[in-house]
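First the structure, in the form of structure tokens, and then the observations on it.
The values are calculated or read from the model by the stated rules, or taken from the named source; none is laboratory data. Predicted model, so just to flag it, every value in this text is computed and none were measured. Using ideal geometry, Cβ is built from the backbone for each residue, glycine included, and neighbour counts are taken over all protein chains shown. What goes into the accessible areas is simple: the full protein's heavy atoms, side chains included, and nothing from ligands, DNA or RNA. Shrake-Rupley method; radii C 1.70, N 1.55, O 1.52, S 1.80 Å.
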Amino acid sequence: MRGKARAYTNIALIKYWGKKDDDLILPMNSSLSLTLDAFYTETEVIFDEGLKQDCFYLNEVLQSEKETLKLGAFINHFRKQANCSTHAVVKSQNYVPTAAGLASSASGFAALAGALNQALGLNLDKKELSKIARLGSGSATRSIYGGFVEWKAGNCHDTSYAHPMDDASWDVGMIVVIVNQKQKNISSREGMKRTVATSPFYRGWLDTVEEDLKQAKVAIQRKDFEQLGKITESNALKMHATMLGANPPFCYFEADSIKVMQVVEELRCEGVPCYFTMDAGPNVKILCRNSQAPIIMNRLKQMFKPEQIILSGVGPDLEYH
Ligand code: DP6
């Protein structure tokens with residue numbers, strides 16, 4: 001009745017933005033990500049007949065009743081399959097700055113799904129885990145796998161899951177620039193809901209995102225880094241543009257986020273291929289060649305503290321511990 005797993009976070013190159021079903025977390029569009037080895041969550045689950053309720057510790061801090069109930073609802077997907085009503089203690093350690101737009105919910109729910117699978121002896125395969133992780137947080141569906149991962153939108157629970165596309169073992173890396181560690185004001189969940197409901201630009205997103213994905217996949221197949229970078233950057237900017245059209249409008253960029261974007265553009269002009277992307281927070285992620293990361297990091301160090309600049313390699317699949 002004990003399980004422990006580690007899952008790595010992922011950063012979308014072609015973004016998931018908007019749901020067609022809020023309860024099942026079915027996305028409006030398919031997406032594509034890169035799993036990172038520098039940020040992960042380790043979760044241990046112990047089911048214990050003696051417990052009167054579930055208990056949830058995140059980074060050694062006992063979580064509120066509200067958080068624990070949310071977690072309990074997720075655990076129920078597994079309890080149902082195992083025909084079990086026992087409560088559990090969940091201890092989760094996040095090696096990701098929580099809620100700083102670094103998708104801690106992605107590695108969090110993926111690790112929890114793995115730990116629950118092991119604790120209850122369910123032996124679910126990765127495809128099944130990817131579907132259930134999705135019910136916790138959409139982006140978690142991709143954190144079951146390493147390398148480049150595609151999440152096909154699908155149209156019901158059984159058709160919406162991720163699959164690995166490429167192991168990304170071709171001189172690809174990502175530099176994360178932590179502009180601000182503070183908790184974000186508008187969660188991605190709330191932000192995408194508002195955008196779908198009110199932004200006239202959301203139509204433009206939906207009309208073009210599948211084509212962006214197609215081009216990104218071709219670029220990966222050809223190992224065409226520049227092409228992949230260009231489409232990554234334009235897809236991110238397009239997603240952020242939908243938010244400016246929302247009512248009320250909102251924006252995740254901070255002054256330092258834009259500074260990083262400008263550095264990326266300058267470096268490109270100097271012949272260093274690198275491309276930025278951003279999620280529901282001010283931090284900027286730079287898709288780069290691992291071999292050229294030192295040049296990029298040295299430039300960033302002129303503006304940011306060394307601890308704000310983190311280089312990550314490509315992360316692996318979910319691991320059992
Ligand atoms: C901008 O997966 O955090 O990072 O499904 O509501 O939990 P919920 O949202 P979440 O959204 C991620 C949005 C994004 C883009 C992406 O990761 O694809």
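Note: relative contact order over the stretch 1-110, using C-alpha pairs below 8 Å and six or more positions apart, is 33 percent.
Taking Lys and Arg as +1 and Asp and Glu as -1, the other residues whose beta-carbon sits under 12 Å from that of residue 196 total +3.
Net length available on complete extension from residue 224 to residue 123 is 32.6 nm, with 0.36 nm assigned per residue and the Cα-Cα distance removed.
Each part reduced to its alpha carbon centroid, the stretch 1-37 and the stretch 219-258 end up 17 Å apart. Among 229-236, 156-163, the peptide with the highest mean count of other Cβ atoms within 10 Å heads the list, and the full ranking is 229-236, 156-163.
Helix 225-244 and the longest principal axis of the Cα set of the chain meet at an angle near 70°. Computed over protein heavy atoms with a 1.4 Å probe, the accessible surface of the chain works out to 43 Å² per residue. Multiplying the residue separation of residue 82 and residue 272 by 0.36 nm and removing their Cα-Cα distance gives an extension gain of 63.2 nm.
For a test of the definition: using alpha carbon positions, the gyration tensor, and the 1.5 limit on a/c, classify the stretch 171-282 as rounded, prolate or oblate. Taking the square roots of the gyration eigenvalues as a ≥ b ≥ c, the stretch 171-282 is oblate. Normalised by 2.2 N^0.38 Å, where N counts its residues, the alpha-carbon radius of gyration of the stretch 149-197 equals 1.68.
Working ranking of peptides 88-94, 214-220, 12-18 by packing, defined as the average number of other Cβ atoms within 10 Å per residue, highest first, is 12-18, 88-94, 214-220. Each peptide in 303-310, 146-153 receives the mean, over its residues, of other Cβ atoms within 10 Å, and ordering these scores from highest gives 146-153, 303-310.
Simple point charges give the picture: +1 on the Cβ of Lys and Arg, -1 on the Cβ of Asp and Glu, and for the chain a dipole about the Cα centre of about 340 debye.
Full extension of the chain between residue 298 and residue 181 gives 40.0 nm of extra length, using 0.36 nm per residue less the Cα-Cα distance.
Calculated on the alpha-carbon coordinates, the convex hull of the chain measures out at 124 cubic angstrom per residue. Quick one: which of 126/152; 4/52; 80/152; 126/193; 15/230; 127/214 span more than 20 angstrom between C-alpha atoms? Among 126/152; 4/52; 80/152; 126/193; 15/230; 127/214, the Cα-Cα distance tops 20 Å for 4/52; 80/152; 126/193; 127/214.
Relative contact order, whole percent, for the chain stands at 25, derived from Cα pairs under 8 Å and 6 or more residues apart. Placing a pseudo-label 7 Å from each Cα along the Cα-to-Cβ vector at residue 66 and residue 159 gives an inter-label distance of 3.6 nm. In this rough spin-label picture, where each label sits 7 Å from Cα along the Cβ direction, the residue 95-residue 307 distance is 1.8 nm. With a ≥ b ≥ c the root eigenvalues of the C-alpha gyration tensor of the stretch 214-262, is it rounded (a/c under 1.5), prolate (a/b larger than b/c) or oblate? The shape class here is oblate.
Quick check: from the Cα gyration tensor, does the stretch 48-190 come out rounded (a/c under 1.5), prolate or oblate? It comes out oblate by the Cα gyration axes. The Cα-based radius of gyration of the stretch 109-157, divided by its Kirkwood radius, gives an Rg/Rh of 0.96. Across the stretch 286-297, coupling constants 3J(HN,Hα) worked out from phi with the 6.51/-1.76/1.60 Karplus curve, θ = phi - 60°, read 10, 7, 9, 7, 3, 5, 9, 4, x, 4, 5, 5 Hz, and Gly and Pro carry x.
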